[in-house]
1. Restricting attention to the range 27-60, report how many residues are at pLDDT 95 or above and among the aromatic types (Phe, Trp, Tyr).
2. Evaluate the range 255-263: report whether one residue or more is outside any loop (DSSP other than H, G, I, E, B) and either within 15 Å of ligand 1 (Cβ to nearest atom) or of a type in the set (S, T, N, Q) (or both).
3. So, restricting to helices (runs of 4 or more DSSP H) that lie completely within the range 164-248, which ones have at least 3 residues that are more than 16 Å from ligand 2 (Cβ to nearest atom) and within 23 Å of residue 107 (Cα to Cα)?
4. Would you mind finding the one in 246, 216 that is touching a strand residue (DSSP E or B) at 6+ places or on another chain (Cβ under 9 Å), within 22 Å of residue 175 (Cβ to Cβ) and not assigned by TED's automatic domain parsing to the domain that holds residue 73?
Amino acid sequence: MPRSAIINVMIQAAMKAGRSLARDFGEVQNLQVSLKGPGDYVSQADKRAEQILYTELSRVRPGYSFLMEESGAVEGDDPQHRWLVDPLDGTTNFLHGIPIFAVSVALERQGTLVAAVIYNPAMDELYTAERGGGAFLNDRRMRVAARRDLPDCVIGTGIPHLGRGHHGRALVDLRNVMAESSGIRRMGSAALDLAYVAAGRMDGFWEDALQPWDTAAGILMVREAGGFVTDRTGGQDIFGTGSVVAGNEAIHRSLLKILQKPDS
Ligand code: 2AM
Ligand code: CA
């Protein structure tokens with residue numbers, strides 16, 4: 001399928017930012033053995049990647065607004081369009097030399113997600129989606145997995161760490177999902193988790209306490225791959241609640257039911 005002009009712009013920007021991250025990732029791997037670690041270096045890498053995305057996207061579409069992880073909101077002259085940008089999703093992985101991280105870019109038109117790109121430079125995997133146009137991994141069409149029974153399913157999640165999220169609730173959810181599924185995975189990048197659901201690699205995914213830039217591109221990716229995505233109540237307020245639940249229709253429904261079980 002031919003790609004639209006806008007998705008090509010997004011691919012160029014995401015791959016340019018991804019190449020910058022890949023160069024910095026090489027250095028981060030070397031810095032693991034130093035006592036101070038690569039912390040400062042990583043935040044510079046993050047900012048460099050965001051600057052590339054901002055420069056590239058605003059050069060080609062001047063006036064569009066931005067919501068970026070590092071720089072926050074930038075209001076443009078065009079209130080109809082907004083970029084949601086996460087220059088480095090999976091920061092903790094990147095910091096530790098684990099090659100599971102991605103650039104994530106989504107475009108909203110009048111509040112509706114219309115285009116999405118997620119790029120993992122370490123694996124050179126490019127995920128794209130356009131509203132009504134399907135979702136692709138490199139040049140291959142993506143479909144969510146067809147499994148309908150949770151006992152056959154691999155389910156992804158994100159586990160809150162020190163100072164973030166509701167640890168007690170996360171443990172309850174983990175216990176309940178592990179008891180009914182064939183395995184839980186924890187990759188550390190919500191953007192890639194959602195891309196993996198779209199690609200049929202994982203059958204479902206849930207996480208809480210996320211920001212709009214973590215999930216925006218992945219939401220469209222899953223929908224265009226034929227999947228369902230909601231917040232943990234089954235509603236559409238993913239950005240407002242920070243919670244996300246994804247899968248095919250049956251697995252999404254099963255996950256919602258489990259996640260709505262009371263704490264004890
Ligand atoms: P990050 O790597 O860009 O920080 C891991 O569970 C997921 O949660 C990642 O997508 C990670 O994005 C995101 N995440 C980690 N800390 C976060 C925070 N304080 N707010 C929102 N999302 C966060
Ligand atoms: Ca993120």
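The values are calculated or read from the model by the stated rules, or taken from the named source; none is laboratory data. Fair warning: this is a prediction, and the values are worked out from it, not measured in the lab. Here Cβ is always computed from backbone atoms with ideal geometry, including for glycine, and neighbour counts include all displayed protein chains.
1. Within the range 27-60, residues that are at pLDDT 95 or above and among the aromatic types (Phe, Trp, Tyr) number 1.
2. No: the range 255-263 contains no residue that is outside any loop (DSSP other than H, G, I, E, B) and either within 15 Å of ligand 1 (Cβ to nearest atom) or of a type in the set (S, T, N, Q) (or both).
3. Hits in the range 164-248: 212-224.
4. Result: 246 is the single residue among 246, 216 that is touching a strand residue (DSSP E or B) at 6+ places or on another chain (Cβ under 9 Å), within 22 Å of residue 175 (Cβ to Cβ) and not assigned by TED's automatic domain parsing to the domain that holds residue 73.
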